[in-house]
Amino acid sequence: MTKNAKQTDTKRADVYERVTAAIIALLDKGTRPWMQPWAAGQSPVRPLRHNGVGYRGINTVLLWMTAAERGFQSPYWMTYSQAQELGAQVKKGEKSSLVVYAGAIEKQQDDADGEDKTRRIPFMKGYSVFCADQIEGLSDHFYGKPDAGNATDSKDRIERADRFFSNLRADIREGGKKAFYSPTGDFIQMPHFDAFVSAEAHATTLAHEAIHWTKAKARLDRDFGRESWGDEGYAREELVAELGSVFFAADLGLSIEPRDDHAAYIKSWLTVLQNDKRAIFQAASFAEKAMTYLHELQPNAENGEGQAA
């Protein structure tokens, strides 16, 4: 391995380790990092690039964590040079925040038979961004507080959420006391609407189960090797569904609060993250892919852009 290749691997490992260590530290305190940046009854808002395009995957979680820790209000983030291009300047003494980019390069090389083959080499790199709150001289719209959507504790059904789920054409059944997805029957079971404390609690719970629904072989074919309830494969899938439901809330402008039954998962998530520093990156990526799949089932869905890790 060349010196440059070793340096690249080291930098990538450092990014995985830094991010995972920060998330483990919060989970160890009983705090779910992706649930922090908004008060109860408010909806999460996707962090935005300087051009208004939303961050995706692990970067959504990273910037939500930073916003909560440092009290930032603006949803906009940008690099130092992007701020300068907009005629603005990062305030003296402000510290940057980490986001990551994942991609791949293609390299031509001979195989064992001497034939020229193309090898795809994945890479990940971190780069620094600043919240608009840390920058002077931007246009006024960069400094507005995030739009909290139409969060409500009303028990009236949320039309946009009902329409979203109806467009999935999933087998969604009502009744019983538990919400779950049945892989063998390929259906989602939900308690009756009136059993939930709010319409948004119903919608985000259904979103959680819809993320599980995407794992079926006929859809995204996601399999973490679960063999029994509570094992590592089970914990990984629950982490994907948990993140996916929060991404759903951000995309539809719905408030979300932690489900009480998911507090029990924190210990298992800690075990997974401590054993695999790439696990949270993988979970966020799968959650984003699941949400993209659900969005693509909506009428007139537009093609999304390529997404960073």
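Every number in this text was worked out from the coordinates using simple rules, so none of it is lab data. These numbers were taken from a predicted model, which means no experiment stands behind them. Here Cβ is always computed from backbone atoms with ideal geometry, including for glycine, and neighbour counts include all displayed protein chains.
Some observations on this one:
- Cross-link pairs K177/K277; K29/K178; K217/K277; K95/K277 - those with Cα-Cα distance over 31 Å: K177/K277
- Sequentially through the stretch 82-88, phi angles give Karplus couplings (6.51, -1.76, 1.60; θ = phi - 60°) of 5, 4, 5, 4, 8, x, 10 Hz, Gly and Pro residues having no value and appearing as x.
- Once the Cβ-Cβ distance of D221 and E94 is raised to the sixth power relative to R0 = 45 Å, the FRET efficiency obtained is 0.55.
- Highest-first packing order for the peptide set 71-77, 208-214 is 208-214, 71-77, based on the mean count of other beta carbon atoms within 10 Å.
- Under-5 Å amide H pairs with L48, H placed in peptide plane, nonlocal only: Y55, Y76, W77
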